[in-house]
Structures are given as structure tokens and as C-alpha cells.
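Take a look at the structure set out below.
The values are calculated or read from the model by the stated rules, or taken from the named source; none is laboratory data. What you see is a predicted model; the values in this text were computed from it and never measured. Because the Cβ atoms are built from the backbone with ideal geometry, glycine has one as well, and the counts that use them run over all protein chains shown. Each accessible area value is taken on the protein alone, full model and side chains, heavy atoms only, with ligands, DNA and RNA left out. Shrake-Rupley method; radii C 1.70, N 1.55, O 1.52, S 1.80 Å.
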Amino acid sequence: MSGKPRLTYCNGRGRMETIRWLLAAAGVEFEEVFLETREQYEKLIKDGVLMFQQVPLVEIDGMKMVQTRAILSYIAGKYNLYGKDLKERALIDMYVEGITDLMQMILMFPFSPPEAKEKNLHSIEERATNRYFPVFEKVLKQHGQDFLVGNKFSWADVQLIEAILTVEEKVPAVLSGFPQLQAFKIRMSNMPTIKKFLQPGSPRKPPADESYVETVLKIFKK
Amino acid sequence: MSGKPKLHYFNGRGRMESIRWLLAAAGVEFEECFLETKDDLTKLQKDGSLLFQQVPMVEIDGMKMVQSRAIGNYIAAKYNLYGKDLKERALIDMYVEAVIDLNELLMTHTFQPADKKEQHFATIVDKATNRYFPVYEKVLKDHGQDFLVGNRFSKADVQLLETLLMAEECKPDILAKFPLLQSFKVRISNIPTIKKFLQPGSQRKPPLQEKDVPKLMKIFH
């Protein structure tokens, strides 16, 4: 046993990608087990390893953790990425939850029917540019600091840089009205742990393609 | 200014109900401001009160908090309902997140089109009795304690009770195979703050009726 956290999920982004980002940002090495077949998944359920019969699963510090937010909160708390007090934690939580709503749209996108894809893409762009990015642009402008909360690197910064890069994959010019976010993006991308994660060969996964969608449906669809 | 938390939402359960439960369980009095029309929502959006232009919004300790999980986490931590350390918090979070998933199913039942309702009901019952309830039944059986985590009352107990009662509204005998959940339900319901919240006249909201759906759609769509 290596002592490193062990992640069990499909070989793609999905709900595990944010966890990969956070561990990487914290400089924590981890192992991965990839689900490829329904049999593998059913075996995990039969072995009683998945508390609610679902992945993501992260084995960490003797726990078999499930539920994405629970896992992220634990990692953030453990590696000091959760602010210095209750009020900073409240801000981080609000920012993270807002970004998660935006990421949820992107998560579901590959699984939407072809005729809905254009409309969904437009919704993602609309929400990013009208609801979510303006908030963080304003936060950064108002306090003039490098990080979103408490002048210190936190889970909120990791969540935001992930969201920016992910939306940019779909909407390349999405940051054009947001100079603070452009600078934030460069700043975060240059932090050593994140820079490493953004390099080829890292555990970062590519965007979902048809083969990923097929695998997911094959494993999980009843 | 009263110093009490002030909740902004429509006059119904939705995503605010868990927050009402938590405040009530902690013995915290709160005020409510109900959105009745789309204009009420628009006004809040225009005056910059809603970080992401959405409710729930709770004014508490000088903050205008949004995002139901963020609000729930803050209240739980402030009133010592979040375990004693990171590992207890991890357990509480896992239990609560799953309960939220089940709540989501229960909450959306009223919005299902007529031809999908029966199937949706079957899904609720299946997930509740095969995926979620067995976990909590086992947790209680394994440690034999009164509360889910750390032998102490926490957010996990509050959220689970809320969901058990909602599930029973959906199907009255849904706890038939879960004796420990039945006694949990009785035990937690008898905690003084919760007992008070369960009485008529409290700020607990009734289930959404189909006749209320159009009004709701007008505010939010």
C-alpha cells in the first residue's frame, strides 16, 4: 500500500476531474483505477466498496470516500485550501458552488442529444459571460489581490481556473470581456503545481469524446 | 435590524427547507421574506443582493449568503453541528450529500408530467429503499448510537430526519423494513428544538401542491 490517495472512476473527466485538479494543486500524488466494464462496476458494488453504489470513489486516509463535494471538502480542509475561518470558508463555498453549477452544464453536455447540443452550448456561453464570470471579475477588481479569498490560494481559485480553461475549450473567446480573469488565468497557470498538472503526461484528462460517452453509458446505464 | 437571520425565498419548501430545518434544530429564530411575484425576484437581482442572481438567499452575520450548501455548511459549523474534526465532517458530508440526492428526487416529483409520475414514483421508492435507507440503517446498527456521527447530534441527523418524513409523505409505509430508522425518526423528532419545529404554526412549510406550481413558474421562469 502506497499511502497515496486512490481514485476510482472512468478514464475521463466527469465528476472526478475537479478532485484530480484539487489534489494536483495541493501537490498530492495519487493513483487511479479506471472502470472499463460493467462487470468491474458491479464487482465494486458487490464488494460493498461504494457507499451509495456510485463513483467517484477516493480511498484516502483509511476512508473509502464517495460524493464529490464531501471528497473535495475533505481535501481542501486537509491541505489548507479552505480559508482561515468560518467566514472565509463561507465565501469559498459560495464561489465553489456557483462554479459547480456552471461546470454541471459542461458535465452534462456530451450526453445531450445532438439536436440539443447547439442550444446547450449557447446556454453555457450565456451563463458563463452573464452570470458567473462577472462575479469573479468584480471580486478580483474590488480587492486587487492575487487570489479570490483572503489573499491566499484556496479551493475557490482551483475551481475557477479549471472552469475558465474548460469553458474556453468550448468558447475560445469567452474571457474577452474579462481582463482580471485573463490575468488570473495566467497567474494560476504559472503556479508550480498547476503548471505541472497542465503539462502533457499529467493525470489531467482530455474533454469527453464519443468513446468516453459510450463507455459511461455501457457501465452505468440500466 | 433584529440580528436574526433573514431568509429570502418563496413561501414553500424548495431549496430553503433544509436551511429552515437546520436553523430550527440549532434553536435559532429567523425571519422570512417571501417572493410572491417575478418583480420581487427582479428587485433583489437588480439591487445586487443575489451573488448569482438566485435564491435561496440568507442574510446572516453581515453576509448575504447564497447557494444552499454554502449556507447549510456555515450554519452547521457556527452552531456546532458539523462534527469535531475533519474526519467526522467527511462522514457528515457524505451522508448529507446522499440525502440531498434523494431529496432532489422527492422534490421534483410534483413537477413531473402526468405520464411520467408513476415511473418517477417507482424510482423514488427504489432508490430510497435499496440505495439510501439501507446505508443509514446499517450505520445506526453498527455503532448502536443515537446519532449518525460521533455520538453527537449533527447536521446529518437533521437532514436525514427531514428526508425520512418527506419520504413518508410520498409513501407512508416506506420505512417498514427499517426498524432503526423508525426509532431514529422518533428519537430525533423528540429533540426539543425539532419537536417545536414539527408543531403546527412553526415555520416548517407544507409539501408543494400541484395547484401552486403555476405561481412558482411565474416567479422563476
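All conditions in (1) in contact (Cβ under 8 Å) with a residue 40 or more places away in the chain; (2) more than 11 Å from chain A (Cβ to nearest Cβ); (3) closer than 24 Å to A:Ile92 by Cα hold for B:Glu104, with the sole exception of (1).
Just one residue in the set A:Glu97, A:Glu118, A:Glu126, A:Glu88 is away from chain B (no Cβ under 13 Å), acidic (Asp, Glu) and either open to solvent by 50 Å² or more (accessible area, probe 1.4 Å) or in a helix (DSSP H, G or I) (or both); that residue is A:Glu118.
Per the listing A:Glu59, A:Glu29, A:Glu36, the residue uniquely assigned by the TED database to the domain that holds A:Arg13 and closer than 16 Å to A:Asn11 by Cα is A:Glu36. Each residue in the range A:138-154 was checked for being within 20 Å of the chain's Cα centre (by Cα) and either without any contact (Cβ under 8 Å) to a residue 60 or more places away in the chain or open to solvent by 70 Å² or more (accessible area, probe 1.4 Å) (or both), and 3 pass.
If you take the residues of the range B:54-78 that are more than 7 Å from every other protein chain (Cβ to nearest Cβ) and under 19 Å from B:Glu97 (Cβ atoms), which of them is most open to solvent (accessible area, probe 1.4 Å)?
B:Ser68
Please enumerate the residues belonging to the range A:54-85 that are more than 7 Å from chain B (Cβ to nearest Cβ), in a strand (DSSP E or B) and open to solvent by less than 20 Å² (accessible area, probe 1.4 Å). A:Leu57, A:Val58, A:Ile60, listed by residue number. Of all the listed residues (B:Asp93, B:Asp115, B:Asp85), the sole one being farther than 22 Å from B:Val158 by Cα and either touching a Phe, Trp or Tyr at 6+ places or on another chain (Cβ under 7 Å) or charged (D, E, K, R) (or both) is B:Asp115. Condition check for A:Glu29 on (1) part of a loop (DSSP other than H, G, I, E, B); (2) of a type in the set (Asp, Glu); (3) buried (at least 17 other Cβ atoms within 10 Å of the Cβ): one failure, at (3). Pairs linking a residue in the range A:159-180 that is open to solvent by 30 Å² or more (accessible area, probe 1.4 Å) to a residue that is of a type in the set (Asp, Glu), with Cβ atoms under 6 Å and 6 or more positions apart or on different chains, are A:Gln180/A:Glu137. Of all residues assigned to the range B:203-215, none qualifies as being among the aliphatic types (A, V, I, L, M), out of contact with any Ser or Thr (no Cβ under 9 Å at 6 or more places or on another chain), at negative phi and open to solvent by less than 40 Å² (accessible area, probe 1.4 Å).
Taking the conditions exactly as written (of a type in the set (A, V, I, L, M, F, W, C), modelled with pLDDT of 95 or more and over 28 Å from A:Val33 (Cα atoms)), does A:Phe184 satisfy them or not? It is true that A:Phe184 is of a type in the set (A, V, I, L, M, F, W, C), modelled with pLDDT of 95 or more and over 28 Å from A:Val33 (Cα atoms).
Residue check: is B:Leu91 crowded, with 19+ Cβ neighbours inside 10 Å and farther than 20 Å from B:His8 by Cβ? Yes.
Is there a residue being open to solvent by less than 20 Å² (accessible area, probe 1.4 Å), within 22 Å of A:Glu88 (Cα to Cα), of a type in the set (A, V, I, L, M) and in contact (Cβ under 8 Å) with a residue 60 or more places away in the chain anywhere in the range A:184-193?
The answer is no; no qualifying residue exists.
Taking the range B:136-173 as the search range and keeping residues that are in contact with a helix residue (DSSP H, G or I) (Cβ under 7 Å, 6 or more places away or on another chain) and basic (Lys, Arg), which one is nearest to B:Val99 (Cα to Cα)? It comes out as B:Lys155. Among the candidates B:Lys117, B:Lys127, the residue that is within 13 Å of chain A (Cβ to nearest Cβ) and either surrounded by fewer than 21 Cβ atoms within 10 Å (Cβ to Cβ) or within 25 Å of B:Leu208 (Cβ to Cβ) (or both) is uniquely B:Lys127.
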